[in-house]
Structures are given as C-alpha cells and as structure tokens.
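Just so it is clear, none of the values below were taken in a lab; they were calculated from the coordinates. The structure presented is a predicted model; accordingly, all values stated were derived computationally and were not measured. Note that each Cβ is placed from the backbone with ideal geometry, even for glycine, and that neighbours are counted across all protein chains shown.
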Amino acid sequence: MTTQTSTLLRELAAKRGEFLAFVERRVGDRALAEDILQEAFAKSAERLDQLRTPSAATAWFYRVLRNASIESHRRRDSRERALDMVEAQATIAPREPAFDAVDAGCACVGELLGSLKPEYAVALGRIEIDGIALKDFAAEQGISPNNAAVRVHRARKALAREVAECCGGCALAGCVDCTCEH
C-alpha cells in the first residue's frame, strides 16, 4: 500500500460518521448501513491508488456508497420478489390429482391410502378428501407452504404408484370402472 493510499484511507475513515449517515438515509437501517460502509471501505482500499485526482477521493467514495446502497435495494427487492413468487406458487397452486382414481372413487384408493407413510396419508386426506387449502394445511402441520406442497406432491406420486401396482391396467384406464379384485 502506497503512502498516498494510506493517507486517503485515513481521510475517508475520518469522515466515517458522515458516510454512515449518508448510507443510513438511503437504506433506512443502521445495521445494513454499517455493513454497506464496511464493504465499501474494503473494496475501495484496493482501488484508491487508481484515482487520478486524490483530492476527489471523498466525492468518489460518496458515489461508491450511493451505488452500493442502490445495489442493496436491488438485492432486497429481488429476494422479496422471489419469496413472493414461491409463496404464491405454494398457496395458489391448482390441485391436480396424480391420477383419476381419487375422483372416480376407486375402492382400492381408500385401502391403499393406509399403506402410505403416515404424513403422506394425512396430507392427502386433508387436501384431497377434506378439501382444505394448502396454506391452511401447512399452518395446521407447522410447516412452510412450500414444504406442504412438496409433501402433497410426493404423497400423490406414492399413491399413484401403489394404485398402479395394485390395480394394474385398471389404473391406466383411470379406475373409471374398477374391475380389479383387490
């Protein structure tokens, strides 16, 4: 590190309070402002020796902080949009049975439901038979809507496999006229 870089770093560090207030006004959170400022100091230390006009270091650092604040907002907004999308998919995803046997009332389905893992049987019972919403089922079970959606999906697939194994060709036809001798 050159002498000039060390001098510029000391000058910038002396204005830490001003910089922190500047960032905090933009992000509205002191802890986040502290993080952004620390990150900016660390990144800027490597670039200070590239300044053509050392007297412009303060103005340059304000630009660095402004850009870092904007990027922080973008990351937060992006995370929030992603979480909203996952929540929306989990709570309003259409219910689609893995096969038609549930709707057709195949007698085998009721019996085979008991052969599934208990959490799968409960999930299918509450969602498919009782007709509760996925988000309500998730709250009831103390799990996230995303986890509930995965559980129901796996339960449907497991039941479909059991019905196909039990009923064979009848299951392929959708159990509309169940003729298996289970």
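Give me the residue from the range 46-86 that is among the β-branched types (Val, Ile, Thr) and under 30 Å from residue 5 (Cα atoms) and, out of that set, surrounded by the fewest Cβ atoms within 10 Å (Cβ to Cβ).
Applying the filter and picking the extreme gives 53.
Does residue 65 satisfy the criteria of being part of a helix (DSSP H, G or I) and in contact (Cβ under 8 Å) with a residue 40 or more places away in the chain?
Yes: the conditions hold for residue 65.
Conditions (1) of a type in the set (Gly, Ala, Ser); (2) assigned to a helix (DSSP H, G or I); (3) closer than 13 Å to residue 68 by Cβ, marked per residue:
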{"position": "34", "(1), (2), (3)": "no, yes, yes"}
{"position": "43", "(1), (2), (3)": "no, yes, yes"}
{"position": "49", "(1), (2), (3)": "no, yes, no"}
{"position": "55", "(1), (2), (3)": "yes, yes, no"}
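Can you say whether residue 151 is in a helix (DSSP H, G or I), without any contact (Cβ under 8 Å) to a residue 40 or more places away in the chain, among the basic types (Lys, Arg) and farther than 28 Å from residue 83 by Cβ, as far as the supplied structure shows?
Spelling it out, it is not the case that residue 151 is in a helix (DSSP H, G or I), without any contact (Cβ under 8 Å) to a residue 40 or more places away in the chain, among the basic types (Lys, Arg) and farther than 28 Å from residue 83 by Cβ.
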